[in-house]
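Visitor: I am attaching a structure below and will ask some questions about it afterwards.
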Amino acid sequence: MQAFNVLCHYRGKVICPASWRVNDKGVPFHRLYYMLGGSVVYTQYGKSTELQKDTLYLFPQMQQFTITHNPERPFHCQFFHLEFNPPVENRFFSFRIEPGSAAYFLLQALAGIPPDRYDKNDIVLKIIHSLLMEINAEAETPFILENKLSNVFNYIQANFCKKIQISVLAEYAGFDMNYFIRLFKKMFQVTPGEYLTKLKMAKAKELLSSGNTVYAVADQVGFDDAKSFSRSFKKSTGFAPVHFKKSQFLQP
């Protein structure tokens, strides 16, 4: 099994408001939920799964799905929005957390550390990494696997703010370009170009959350001007960058 790095975009412990729901249209991060209570349903491809208490769930990135709850029995959870490099197995994954287990105590430790948006706390990241390694080792079907595209994702992370040619990514992967595009889409349900756009938008949200201006963010994520960035951001998220800065809030 290969090593991996993890970045935590958001984390927290909440009882969700009545209006809460996830209508995910494909974001470049994984949602990780530790179900503490409530009535919650995950739906993808017409199949619905009711989430169970005391269970940890890892949701796929770059895929469309919905998560809803019953407002009379609101979703109570400890949650994380995580980015892996290289990416992990891209599927819906569940793992029962037994009281007194190593995973249980790691989750308790994380709950005791005040959350911070785009958490760069080394201790937090090490605990999250240990948690994921623990559940991966105990799982019947591991989600951290050898990844044929590791070099590609290392290159993307280092150069996402530039104009990246798909032919260059295929070369890094060691594949013919047409085969590379097919393999990438099979693994992540999006083309390399679509993945790059979603990654830029995720990085833009991080920068906007840190107080950067729209003009500065446009430049840092590789757009020629703020106008084209704002147009792309609104198409991706549904609202303008300036409105994101004003209305953002932390939720699962």
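Read the figures in this text as sums done on the coordinates, not as results from a lab. Bear in mind the structure is a predicted one, so any value in this text is a computation, not a measurement. Cβ placement follows ideal geometry from the backbone for every residue including glycine, while neighbour counts extend to all protein chains displayed.
Visitor: What label, among (i) 0.96; (ii) 0.99; (iii) 1.22, belongs to Rg/Rh (Cα atoms, Kirkwood Rh) computed from the structure on display?
Guide: (i)
Visitor: Which one, A204, L132, A103, is farthest towards the positive end of the dipole of the chain when Lys and Arg carry +1 and Asp and Glu -1 on their Cβ?
Guide: Highest projection toward the positive end goes to A204.
Visitor: Something else about it: Quick one: order M133, M201 by neighbouring beta-carbon count within 10 Å, fewest to most.
Guide: M133, M201
Visitor: Would you mind calculating the gained length between A18 and K162 on full extension (0.36 nm times residue separation, minus the Cα-Cα distance), in nm to one decimal?
Guide: Taking 0.36 nm per residue and subtracting the Cα distance, the gain is 47.7 nm.
Visitor: Please report S19, S101, S232 as a ranked list, fewest other C-beta atoms within 10 angstrom at the top and most at the bottom.
Guide: In order of increasing Cβ crowding within 10 Å: S19, S101, S232.
Visitor: Still on this structure: Can you list residues whose amide H is under 5 Å from I97's amide H, if they're 5+ apart or on another chain and H is modeled 1.01 Å from N?
Guide: T55, L56
Visitor: For the residues H243, H69, what sequence is obtained by ranking on other C-beta atoms within 10 Å, fewest first?
Guide: Sorted ascending by nearby Cβ count, the order is H243, H69.
Visitor: Once every Cα of region 150-247 carries one equal point scatterer and solvent is ignored, give the base-10 log of I(q)/I(0) from the Debye formula at q = 0.25 Å⁻¹, two decimals.
Guide: For region 150-247 at q = 0.25 Å⁻¹, log10 I(q)/I(0) is -1.23.
Visitor: Once amide H atoms are built 1.01 Å from N in the peptide plane, which residues 5 or more positions from N121, or in another chain, come under 5 Å H to H?
Guide: It is none; the list stays empty.
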